[in-house]
Structure formats: C-alpha cells, structure tokens
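Novice: This structure is in structure tokens; I'll ask about it shortly.
Bear in mind that the values in this text are calculations on the coordinates, not laboratory data. Here the structure is a predicted model, which is why all the values come from computation and not from measurement. When we count neighbours, we look across all protein chains shown, and the Cβ atoms used for this are built from the backbone with ideal geometry, even at glycine.
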Amino acid sequence: MAISAKTLTHIRVEGISPSASVWGASGTDAQATINTSGYITNADERNMRVGDTFYYTNSTTLEVIRFTVKAVNADGTVDLSDGTVVSTGANID
C-alpha cells in the first residue's frame, strides 16, 4: 500500500530550514515494499526533501525501519534508501 500525503506524518524539523525533517508512518508493509520507488506519493506537497529521514513502524512485527530520502521525483513520489531496522520489536527480557 502506498503512503500518501494524508497518511504521512511530519514528526519534526531538525533545526532551522533547510535542515532535514523527520517523517513517519505505520502499517503492515514489508521493508522491500517500502523502499520501492513510488511508495510515498505527494511528498512534494508536504515539502519532503532529499536527506529527510522516514521511520516506518510495522504494526504486525513491531519492527521500526529508518530510511533516508534519496530523491523526490517530478511526480511527487520519493526514492528511499534500502532502510535499516532500528528496532526488532522483540521482547527479550
């Protein structure tokens, strides 16, 4: 499922513009689906920029994956980095 501007959350701005912003969303999509070009749509309308950070929380596995915006395309879609799992959601205690 693609993420549109309506489901994309702007978490915060790092410092004073034009510094990178942090974005987030959640759902059940796999990492390989998320880093496919065009997964985020209408990013240009939300002022998402190259270098911004995008966090995705998988609500089924509880994994949190961090991506970097590599390109904002002319059609408003975004190319993301491959992503790094920053939390597995596993309860090891």
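Novice: Add +1 for every Lys or Arg and -1 for every Asp or Glu among the other residues with Cβ under 11 Å from the Cβ of residue 39, and state the total.
Specialist: Combined, the nearby Lys, Arg, Asp and Glu give -2.
Novice: Within a 10 angstrom radius of the beta carbon, how do 60, 68 rank from fewest other beta carbons to most?
Specialist: With the fewest neighbours first, 60, 68 line up as 60, 68.
Novice: How far apart, in nm, are two points set 7 Å out from the Cα along the Cα-to-Cβ line at residue 86 and at residue 62?
Specialist: A separation of 1.8 nm, rounded to one decimal place.
Novice: Count the DSSP beta bridges whose two residues both fall in the stretch 9-87, then state the antiparallel fraction as a percent rounded to the nearest 5.
Specialist: Restricted to the stretch 9-87, the bridges split so that about 70 percent are antiparallel.
Novice: Just rank 86, 69, 22, fewest to most, by other beta-carbon atoms within 10 angstrom.
Specialist: Arranged by neighbour count, lowest to highest, 86, 69, 22 become 86, 22, 69.
Novice: What is the sum of charges, Lys and Arg at +1 and Asp and Glu at -1, for the other residues whose Cβ falls under 13 Å from the Cβ of residue 58?
Specialist: Residues close to residue 58 contribute a combined charge of -1.
Novice: Hey, another quick one. Any chance you could list the semi-axes, whole Å, largest first, of the equivalent ellipsoid that the Cα gyration tensor gives for the stretch 9-87, using √(5λ)?
Specialist: Semi-axes, largest first: 20, 15, 10 Å.
Novice: Hey, another quick one. Just order 72-85, 31-44 by mean Cβ neighbour count inside 10 Å, highest at the front, would you?
Specialist: Final packing ranking: 31-44, 72-85.
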